[in-house]
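Report on the structure given below.
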Amino acid sequence: MTDSRQNRQGDVTRLRLLKTAERLFATEGLDAVSLRAVNAAAGLGPSSVHYHFGTKEDLVAAVLLDMGTSVRDQISANVDALAADKEPPTVEALVRAVTAPYKTLLLRHRTRGMRWIRIVTQISQPQMSRPGHPALEATELHLRDHLLDQVRRTFPATDPERLETRWAVALMGFLQAFSRADDWSGSSKPLAPERLADFYEDQVVFLVGGVRQLLG
């Protein structure tokens with residue numbers, strides 16, 4: 001077997017494991033899914049995840065990066081644009097800079113995007129009391145501090161510790177609501193694109209008001 005063929009087969013197997021893990025993590029929960037379960041659901045040998053990824057944390061990080069790189073990069077570009085403006089960002093500009101990429105993801109990748117958001121929501125909850133989750137850190141790089149710099153520009157009089165905690169609370173509320181968007185469809189089908197866009201706009205209005213109350 002040639003090296004190129006081996007590489008292609010390895011890529012196919014890796015993607016199969018990623019998609020399987022993504023589905024299981026989103027529907028059953030991160031803590032409930034073992035590497036053995038991922039291997040079995042993918043129809044592969046018991047050491048497949050270990051061979052292609054390493055540990056469970058490495059697999060979770062790979063799942064987050066697979067769909068999340070575009071979200072991270074869009075948020076980073078949005079925050080860079082806020083930083084380049086001489087005027088402090090408005091609350092709405094802050095909120096849209098961080099949240100709009102999630103809407104874009106769902107409009108482009110409806111099923112996998114929603115799974116990814118549900119995984120992020122699960123993994124973000126412990127961040128409130130236990131920062132530094134390895135898998136989440138792998139996707140954020142410098143973004144968290146860069147974003148908080150812009151939040152401080154908008155709310156310069158707010159106590160820094162209070163600001164960081166309450167900003168995290170506000171964003172967690174958005175993620176939790178957005179991860180359940182399809183529950184509002186009234187059927188077993190996902191929200192249609194236009195209704196998803198409306199749902200997003202409602203969340204923006206709600207979040208802008210909440211951030212003003214929490215940090216203003």
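The values are calculated or read from the model by the stated rules, or taken from the named source; none is laboratory data. From a predicted model like this one, the values you see are computed outputs, not experimental measurements. Cβ atoms come from the backbone with ideal geometry, glycine included; neighbour counts cover every protein chain shown. Heads up: the accessible areas ignore ligands, DNA and RNA and are worked out on the full protein's heavy atoms, side chains in. Shrake-Rupley method; radii C 1.70, N 1.55, O 1.52, S 1.80 Å.
Tabulated data
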{"item": "In Å², nearest 10: area of THR55 left accessible to a 1.4 Å probe", "result": "80 Å²"}
{"item": "Carbon plus sulfur fraction of accessible area for the chain, probe 1.4 Å, in percent", "result": "53 percent"}
{"item": "Computed helical MRE - 222 nm, the chain, DSSP H runs ≥ 4 contributing -39500 (n - 2.57), nearest 500", "result": "-25000 deg cm²/dmol"}
{"item": "Stokes-Einstein D (µm²/s) once Rh is taken as the Kirkwood radius of the range 146-209 over alpha-carbon pairs, at 25 °C in 0.890 mPa s", "result": "183 µm²/s"}
{"item": "C-alpha long axis of helix 160-179 to longest principal axis of the chain, angle in °", "result": "60 degrees"}
{"item": "Taking all pairs of distinct alpha-carbon atoms in the chain, Kirkwood radius in angstrom", "result": "18.7 Å"}
{"item": "Protection proxy ranking of 85-95, 184-194 - average other beta-carbon atoms within 10 Å, highest first", "result": "85-95, 184-194"}
{"item": "Relative contact order [Cα under 8 Å, 6+ residues apart], the chain, whole percent", "result": "22 percent"}
{"item": "Å² of accessible area per residue within the range 153-216, as computed with a 1.4 Å probe and no ligands counted", "result": "58 Å²"}
{"item": "HIS50 accessible area, 1.4 Å probe, all protein chains in place, Å² to nearest 10", "result": "130 Å²"}
{"item": "Length-normalised contact order of the range 15-67 in % [C-alpha pairs under 8 Å, at least 6 apart]", "result": "37 percent"}
{"item": "Integer Hz, Karplus 6.51/-1.76/1.60 couplings in order for the range 75-83, x for Gly and Pro", "result": "4, 4, 5, 5, 5, 4, 5, 5, 5"}
